[in-house]
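Q: This is the structure, below, for whatever I ask next.
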Amino acid sequence: MVTSLTDARKGSPRSLSGLLPFLRPYRGRIALALLFLVLAATATLLFPLALRGLIDGGLIKVDKGAQVMALREHFFALFAVAVALGLFSAGRFYMVSWLGERVTADIRNAVYAHVLRQSPEFFETTQTGEVLSRLTGDTTLVQTVVGSSLSMGLRNTVMGVGALAILIWTNPYVMFTVFVILVLIVLPSLWFGRRVRRLSRASQDRIADASAIAAEVLNAIPVVQSYTAEEREAARFGASTQNAFLTAVHRSKARSVLVAFIIIATSAALLWGLYQGTQAVMAGQMSAGHLGETVLYVIILASAFAVLGEVYGDLLRAAGATERLMELLESRSPIFSPSKAVKVTATTIGSAINLEAITFHYSSRPTQAALTDFNLCVAPGETVALVGPSGAGKSTVFQLLLRYYDPGAGTIALDGVATREMSLHDLRQRIGIVPQDAVIFSASALENIRYGRPNASDEQIRAAALAAFAHEFITALPEGYDTFLGERGVRLSGGQRQRIAIARAMLKNPPLLLLDEATSALDAESERMVQAALESAMQGRTTLVIAHRLATVQQAGRIVVMDHGRIVEQGTHESLVALGGTYAKLAALQFLS
């Protein structure tokens, strides 16, 4: 479950401290960017001094020749300052842009990789669209800050502080008064900024809500269209985007008031200081060049505060985005590999399974046990079928074996080693699964099968496809094995998708094979072919089969009948029919019908 950040970090740009681990690897580039930033700001601050020299030293010479030479010197000085400003600004822009792109990519990669390691429990409480919104919208806001706003803020801070220091040095009494007024302006601005940050966070949450709706509906387009629900879904999405729009408008209003207050109040204070300076010139207490210098420093200071007001708004938005990203990164999966994992010896005869006194509750259904005091031992190479009504706990057994969840009580062992003591990678590499709903990726048929073993050769992939009776229809596709299958395999029939999934599991060649209604999507002829392929694949490995259609499990070495999370019967097909219990009733209903 996604956890919240500490209260101390919420409500202020301090939330941006979560970016420090991503910035730390690039300390050298950051130092270089700061150097360019300081040099560019210094060049800007030197410009008024050069202008003062031009006015006071280049325009009052009596000798025309000396005046021309002085003017050239001062204009060359101004040009040198402009060149330095251009070069240093270009260097700063490149470095901070590179940092913004690099840090954003690192954050996206870290969040995505972290989410992939979460247990299914995480996705019971977090929508996929919410995660996608954070990966796209929130990281874009962070990129804006790291690659632009933060640099602008630091640059204008340096220029503003420098300009203020020079003004106080040259006009101490007047500018000290102005500085006090500026402090009185900044403090309420910081207080008002908290409201902007809260609205920014709310705006991003509403956008994430809309993204979640879109992701859910786009993944179910056939169902939506079959129920002619296009207008309803469009209206639902429209309502969500309208909420996001209204929240964004409130945020924009608050930010506009903040920016207007800072600019107007700062300009008024600085204009008062400038007025005092003109009075000093008229009284002969200040030269014309000094006045020109003061005017430019006042403009630099005013523009710096104005930009800082804008940057502060960006920082507040990015703070909300960073909070949401850090919430994902701080979430901890309850399922993880032990620090000292036990290695399991490879086997060629299949894995031994032992589930002992297992009791398990899903977190979404804490009062209803999915399995209760469940015990099951499977010998290496044995084929065991799990049958029973829906909700009996059959799929839960598979999920516990794969360690998507840990049981609340009891132990699960594979080849004599508790699954909690094995690394997740080693455990899941030993298990192949063919789910009821075959998953096909947006790639070619070749790459979809190779997903089972990334280093497999093309010949091994074709051999797996032949064994799964998928080779014939794959070669009939427009580009054969290189044919793009479309998103979720939309270009294939249900039976074809299932055979691709079976070929993928066969290519993995694990000692334990889990078949969850693996032939449910096949027609009678395809089912016969794939059933023969599966029987061949079962040789030399342990196989657990979930089946509602009892005709597919009659030849299983053992049939385990489950009901309400318990084993109620087990034996062969013939012995269970003769027993006249739950299995016999299920068989009578299916075979008679």
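Q: Restricting attention to region 518-539, does a residue exist that is basic (Lys, Arg), loosely packed, with under 15 Cβ neighbours inside 10 Å, out of contact with any Cys (no Cβ under 7 Å at 6 or more places or on another chain) and at pLDDT below 75?
A: yes
Residues checked against (1) at pLDDT 75 or above; (2) over 30 Å from Leu218 (Cα atoms); (3) of a type in the set (S, T, N, Q); (4) open to solvent by less than 60 Å² (accessible area, probe 1.4 Å):
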{"position": "Arg236", "(1), (2), (3), (4)": "yes, no, no, no"}
{"position": "Ala239", "(1), (2), (3), (4)": "yes, no, no, yes"}
{"position": "Ser256", "(1), (2), (3), (4)": "yes, yes, yes, no"}
{"position": "Leu270", "(1), (2), (3), (4)": "no, yes, no, yes"}
{"position": "Ala283", "(1), (2), (3), (4)": "no, yes, no, no"}
{"position": "Ser287", "(1), (2), (3), (4)": "no, yes, yes, yes"}
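Q: Can you tell me how many residues within region 354-389 are part of a strand (DSSP E or B), more than 36 Å from the chain's Cα centre (by Cα) and not hydroxyl-bearing (Ser, Thr, Tyr)?
A: Qualifying residue count for the region: 13.
Q: Would you pick out the residues in region 22-67 that are open to solvent by 50 Å² or more (accessible area, probe 1.4 Å), touching a Gly at 6+ places or on another chain (Cβ under 9 Å), part of a helix (DSSP H, G or I) and at pLDDT below 75?
A: Answer for region 22-67, where residues must be open to solvent by 50 Å² or more (accessible area, probe 1.4 Å), touching a Gly at 6+ places or on another chain (Cβ under 9 Å), part of a helix (DSSP H, G or I) and at pLDDT below 75: just Arg52.
Q: Please give the number of the condition Gln368 fails out of (1) in contact (Cβ under 8 Å) with a residue 40 or more places away in the chain; (2) touching a strand residue (DSSP E or B) at 6+ places or on another chain (Cβ under 8 Å).
A: Failing condition for Gln368: (1).
Q: Going by the conditions given, is Phe398 among the aromatic types (Phe, Trp, Tyr) and under 19 Å from Met538 (Cβ atoms)?
A: Answer is yes for this residue.
Q: Quick one: in region 309-347, which of the residues that are within 30 Å of Thr170 (Cα to Cα) and at pLDDT below 75 is least open to solvent (accessible area, probe 1.4 Å)?
A: Gly309
Q: So, of the residues in region 461-485 that are among the hydrophobic types (A, V, I, L, M, F, W, C), open to solvent by 30 Å² or more (accessible area, probe 1.4 Å) and in a helix (DSSP H, G or I), which turns out to be modelled with the lowest pLDDT?
A: It comes out as Ala467.
Q: Can we say Ser395 is in contact with an Asp or Glu (Cβ under 7 Å, 6 or more places away or on another chain), closer than 24 Å to Arg497 by Cα, touching a residue at least 12 places away in the same chain (Cβ under 8 Å) and assigned to a helix (DSSP H, G or I)?
A: Spelling it out, Ser395 is indeed in contact with an Asp or Glu (Cβ under 7 Å, 6 or more places away or on another chain), closer than 24 Å to Arg497 by Cα, touching a residue at least 12 places away in the same chain (Cβ under 8 Å) and assigned to a helix (DSSP H, G or I).
Q: Thr582 is checked against (1) crowded, with 18+ Cβ neighbours inside 10 Å; (2) polar (S, T, N, Q); (3) in contact with a Leu (Cβ under 6 Å, 6 or more places away or on another chain) and fails just one. What number does that condition carry?
A: (3)
Q: Still on this structure, I have one more. (1) of a type in the set (Lys, Arg); (2) modelled with pLDDT of 75 or more; (3) surrounded by 15 or more Cβ atoms within 10 Å (Cβ to Cβ): which one isn't true of Arg232, the others all being true?
A: Failed condition: (3).
Q: Follow-up. With the checklist (1) modelled with pLDDT of 80 or more; (2) aliphatic (A, V, I, L, M); (3) more than 26 Å from Gly28 (Cα to Cα) in hand, flag the one item Val174 doesn't pass.
A: Every listed condition holds for Val174 apart from (1).
Q: Considering only residues of region 197-225 that are open to solvent by 40 Å² or more (accessible area, probe 1.4 Å) and of a type in the set (Asp, Glu), which is modelled with the lowest pLDDT?
A: Residue satisfying both the conditions and the ranking: Glu216.
Q: Which ones in region 470-498 are within 15 Å of Arg450 (Cβ to Cβ) and without any contact (Cβ under 8 Å) to a residue 40 or more places away in the chain?
A: Of everything in region 470-498, those that are within 15 Å of Arg450 (Cβ to Cβ) and without any contact (Cβ under 8 Å) to a residue 40 or more places away in the chain turn out to be Ala470, His471, Ile474, Gly480, Tyr481, Asp482, Thr483.
Residue-wise test of (1) at pLDDT below 85; (2) closer than 29 Å to Ile335 by Cα; (3) not small (Gly, Ala, Ser).
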residue	(1), (2), (3)
Ile431	no, yes, yes
Arg450	no, yes, yes
Pro454	no, yes, yes
Glu459	no, no, yes
Glu487	yes, no, yes
Gly495	yes, no, no
Leu515	no, yes, yes
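Q: Among the residues of region 400-442, count how many are within 22 Å of Arg117 (Cβ to Cβ) and open to solvent by less than 50 Å² (accessible area, probe 1.4 Å).
A: 21
Q: Let me ask another. For Arg332, are the conditions met, namely being of a type in the set (D, E, K, R) and over 30 Å from Pro510 (Cβ atoms)?
A: No: the conditions fail for Arg332.
Q: Within the set of pairs 6+ apart or on separate chains, which have a first residue in region 245-268 that is without any contact (Cβ under 8 Å) to a residue 24 or more places away in the chain, a second that is hydrophobic (A, V, I, L, M, F, W, C) and assigned to a helix (DSSP H, G or I), and C-beta atoms under 9 Å apart?
A: So the pair list comes out as Ser252/Leu199; Lys253/Leu199; Ala268/Ile181.
Q: Testing Gly350 on (1) modelled with pLDDT of 75 or more; (2) surrounded by fewer than 18 Cβ atoms within 10 Å (Cβ to Cβ); (3) at positive phi, one condition comes back false. Which one is that?
A: (2)
Q: Take the residues of region 550-569 that are within 17 Å of Gly581 (Cα to Cα), open to solvent by 30 Å² or more (accessible area, probe 1.4 Å) and over 42 Å from the mean Cα position of the chain (by Cα): which is modelled with the lowest pLDDT?
A: Gln554
Q: Scan (1) farther than 17 Å from Ile335 by Cα; (2) among the hydrophobic types (A, V, I, L, M, F, W, C); (3) crowded, with 17+ Cβ neighbours inside 10 Å for the single condition Val115 breaks and write down its number.
A: (1)
The values are calculated or read from the model by the stated rules, or taken from the named source; none is laboratory data. As the structure is a prediction and not an experimental result, all values here were calculated from the model. Don't worry about glycine lacking a Cβ; one is built from the backbone with ideal geometry, like all the others, and counts go over all protein chains shown. Heavy atoms of the whole protein, side chains included, go into the accessibility calculation; ligands, DNA and RNA do not. Shrake-Rupley method; radii C 1.70, N 1.55, O 1.52, S 1.80 Å.
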